[in-house]
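Let me begin by presenting the structure, written as structure tokens, before commenting on it.
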Amino acid sequence: MAQSPRSLNVNLDLLESHPKKEWLLANLRKQLAKDLKCEEEEVPTEDLENWLRHWLDQYRIQAQSFTDLFYRIDLAEKYLSENNVEIARAILKREAIKVYFRAQYSGLI
């Protein structure tokens, strides 16, 4: 039986160590911008986890629904009870999975 992509060890570290690092990270930024509904220029090229934690703080202040955000990202609702550090890590992992497998299945990596 094949493993679920979510159970595989695909994360930000894998993208950062891959030979096509720049391309993968650029696509990760695009995916984050799309799913977070923000401009790509808002997503930094470094320290994504810290930026995302602050972004989540602002999202909470604006009383936005995390359920809607999790649905757009395809993140399990079990993270609703987590703190922003864990949510940011989970979001980055899920987005890295999307970018990596999309590139892999299209033959780009």
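Part of a loop (DSSP other than H, G, I, E, B) and either touching a helix residue (DSSP H, G or I) at 6+ places or on another chain (Cβ under 6 Å) or under 21 Å from E22 (Cβ atoms) (or both) - does that describe any residue in region 77-100? Within region 77-100 (the criterion being part of a loop (DSSP other than H, G, I, E, B) and either touching a helix residue (DSSP H, G or I) at 6+ places or on another chain (Cβ under 6 Å) or under 21 Å from E22 (Cβ atoms) (or both)), the answer is no, since none of the residues qualifies. Applying the condition of being among the acidic types (D, E) and closer than 12 Å to R94 by Cβ to region 30-83 and asking which residue is modelled with the highest pLDDT yields D35.
Does Q64 satisfy the criteria of being open to solvent by 40 Å² or more (accessible area, probe 1.4 Å) and outside any helix (DSSP H, G or I)? So that I can check it myself, show each step before the final result.
On the way: open to solvent by 40 Å² or more (accessible area, probe 1.4 Å): yes; outside any helix (DSSP H, G or I): yes.
Against the criterion (open to solvent by 40 Å² or more (accessible area, probe 1.4 Å) and outside any helix (DSSP H, G or I)), Q64 qualifies.
Of all residues being in contact (Cβ under 8 Å) with a residue 24 or more places away in the chain and of a type in the set (D, E, K, R) in region 38-58, which is farthest from E86 (Cα to Cα)? Just the residue, please. Result: D57.
Since V10 meets every condition but one in (1) at pLDDT 90 or above; (2) open to solvent by less than 20 Å² (accessible area, probe 1.4 Å); (3) aliphatic (A, V, I, L, M), which condition does it not meet? Here V10 clears every test but (1).
Evaluating Q58 against the criteria (1) over 15 Å from the mean Cα position of the chain (by Cα); (2) exposed (fewer than 12 other Cβ atoms within 10 Å of the Cβ); (3) not in a helix (DSSP H, G or I) leaves one unmet condition, (3). Restricting attention to region 26-55, and to residues there that are among the polar types (S, T, N, Q) and either assigned to a helix (DSSP H, G or I) or in contact with a Gly (Cβ under 6 Å, 6 or more places away or on another chain) (or both), which single residue is least open to solvent (accessible area, probe 1.4 Å)? Looking at residues that are among the polar types (S, T, N, Q) and either assigned to a helix (DSSP H, G or I) or in contact with a Gly (Cβ under 6 Å, 6 or more places away or on another chain) (or both), I get Q31.
The values are calculated or read from the model by the stated rules, or taken from the named source; none is laboratory data. For clarity, every value in this text was computed on a predicted model and none was experimentally measured. Quick reminder, even Gly has a Cβ in these numbers, built from the backbone with ideal geometry, and neighbours come from all protein chains shown. Side chains included, ligands, DNA and RNA excluded: accessible areas come from the protein's heavy atoms. Shrake-Rupley method; radii C 1.70, N 1.55, O 1.52, S 1.80 Å.
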